[in-house]
Amino acid sequence: MSQHAQTKRLAAPDIAARKGKEPVVCLTAYTAPMAALLDPHCDLLLVGDSVGMVVHGLPNTVGVTLDMMILHGQAVMRTSTRAMVVVDMPFGSYEAGPETAYANAARIMKETGCQAVKVESGPEVAATVEYLVRRGIPVMGHVGLRPQAVNVDGGFRAKGRTTSERDRVLEEARATDAAGAFAIVVEGVAEDLAQEITRTVSAPTIGIGASAACDGQILVTDDMLGLFDWTPKFVRRYADLRRLVGDAIASYAADVRARTFPASAETYALKPKPRVAGEGERG
Ligand code: KIV
């Protein structure tokens, strides 16, 4: 056994126990270097299928595959030690039924070593959530604005603004909770609905565009770092990395063109010739 104290990674029961207590800090992570930066500050890192749009330039999350999620999940697991890591199940990997979902979720868990999976949830997938949880796979739900439904919804729109939509989102949250999800992402809903969901369900709610009424918050990391020129209304930009990166690249390009990079400090020189004993000495 190692003599060094192991950092204990947070797990589903730790997050579930935070209901109504200290807010759960979550961000998305897709790569090893970024996961290392996020890990000391976050309780939960989500390898979201938003990776398709953020990293791979897809128009939405529908084209994301299981192999993509596994590759990014492995990268995030390699450099994080403390935060719980949750990997999104991509579109088409869980909707057909509990057994297919189980096979795909088990593959994600085995091949990445992550602690849980996330599904966009509601009454239609409640039986699947329950099936996975009963067989040892912790599940995080996701209700309200469900990005994988973009083709049915005709775009990314806030949810629950009419009475029938409100009832529908509440039903999604209740069904997900009753099925045993350890936490539920609530995306793109007005504050009073987020309050009602948070009051109604036993799992902690993790808001994104769902007000401060939730038990925790999540943002897409690249959005809050200001890497895109457009971000949704609910994003607060904590940095302007787009400008910083643009300025840095412009400086590099100017230096290369002016032949001022690399300078001598950035250039290898010949090693000095080693002295051989006796050489040059008078006998
Ligand atoms: O895929 C994702 O990044 C997500 C978060 C926005 C919650 O589902």
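The values are calculated or read from the model by the stated rules, or taken from the named source; none is laboratory data. A quick note: this is a predicted structure, and the numbers were derived from the prediction, not measured. Glycine gets a Cβ as well: all are built from the backbone with ideal geometry, and neighbour counts include every protein chain shown. Surface accessibility is based on the protein's heavy atoms, side chains included, excluding ligands, DNA and RNA. Shrake-Rupley method; radii C 1.70, N 1.55, O 1.52, S 1.80 Å.
Phi angles of the range 39-49 translate, via the Karplus equation with coefficients 6.51, -1.76, 1.60 and θ = phi - 60°, into HN-Hα couplings of 3, x, 9, 10, 8, 9, 10, 9, 7, x, 6 Hz per residue; Gly and Pro are given as x. Label-to-label distance, residue 17 versus residue 124, with points set 7 angstrom from Cα along the beta-carbon direction: 3.7 nm. Springs between Cα atoms under 10 Å define the GNM used for the chain, and in it the highest mean-square fluctuation of 157, 18, 243 occurs at 243. Computed with every protein chain present, the accessible area of residue 41 is close to 140 Å² [probe 1.4 Å]. Available extension along the chain between residue 82 and residue 58 is 5.6 nm, counting 0.36 nm per residue and deducting the alpha carbon span. Count the net charge of all other residues whose Cβ sits under 14 Å from the Cβ of residue 62, scoring Lys and Arg as +1 and Asp and Glu as -1. Around residue 62, the surrounding residues sum to -4. When the chain is treated as a GNM with alpha-carbon contacts under 10 Å, the residue of 11, 35, 269 showing the greatest mean-square fluctuation is 269. When nucleic acids and ligands are ignored and a 1.4 Å probe is applied, residue 218 ends up with an accessible area of around 10 Å².
3J(HN,Hα) couplings calculated from phi for the range 205-219 with the Karplus curve 6.51 cos²θ - 1.76 cosθ + 1.60 (θ = phi - 60°) are, in sequence order, 9, 10, x, 9, x, 9, 6, 7, 6, 7, 7, x, 9, 9, 9 Hz; Gly and Pro show x.
Using a 1.4 angstrom probe on the protein heavy atoms only, line up 46, 225 by accessible area, largest first. Could the numbers behind the result be given before it?
Numbers: 46 10, 225 35 Å².
I get 225, 46, largest accessible area first.
Seen from residue 49, the other residues with C-beta closer than 10 Å to its C-beta sum to a net charge of -1, counting Lys and Arg as +1 and Asp and Glu as -1.
Around the amide H of residue 142, modelled in the peptide plane, lie the amide H atoms of 119, 121, 185, all under 5 Å away and 5 or more residues distant in sequence or on another chain.
Sorting 251, 50 by accessible area puts them as 251, 50; the probe is 1.4 Å, largest comes first, and only protein heavy atoms count. Between their Cα atoms, which of 21/159; 19/118; 8/110; 118/159 are more than 22 Å away from each other? From the list (21/159; 19/118; 8/110; 118/159), the Cα-Cα distance tops 22 Å for 21/159.
Modelled spin-label separation between residue 167 and residue 237, with each label point placed 7 Å from Cα along the Cα-to-Cβ direction: 4.2 nm. The string of couplings for the range 225-241 from the Karplus curve (6.51, -1.76, 1.60, θ = phi - 60°) is 8, x, 7, 10, 6, 10, 9, x, 3, 7, 7, 9, 8, 8, 7, 10, 5 Hz, one whole number per residue in order, with x for Gly and Pro.
On the principal axes of its alpha carbon atoms, the range 151-223 extends 32, 30, 22 Å, with the longest extent given first. Global size of the range 155-283: 29.1, 104 Å for Rg and Dmax (C-alpha atoms, Rg to one decimal, Dmax whole).
Taking 37 °C and 0.692 mPa s as conditions, the range 3-243 diffuses translationally at an estimated 186 µm²/s according to Stokes-Einstein applied to its Kirkwood radius (Cα pairs). Using R0 = 30 Å, the C-beta based FRET efficiency linking residue 270 and residue 249 works out to 0.40. Rolling a 1.4 Å probe across all protein chains gives residue 249 an accessible area of roughly 100 Å². Of 229, 43, the order by accessible heavy-atom surface (1.4 Å probe, DNA, RNA and ligands excluded), from most exposed downward, is 229, 43.
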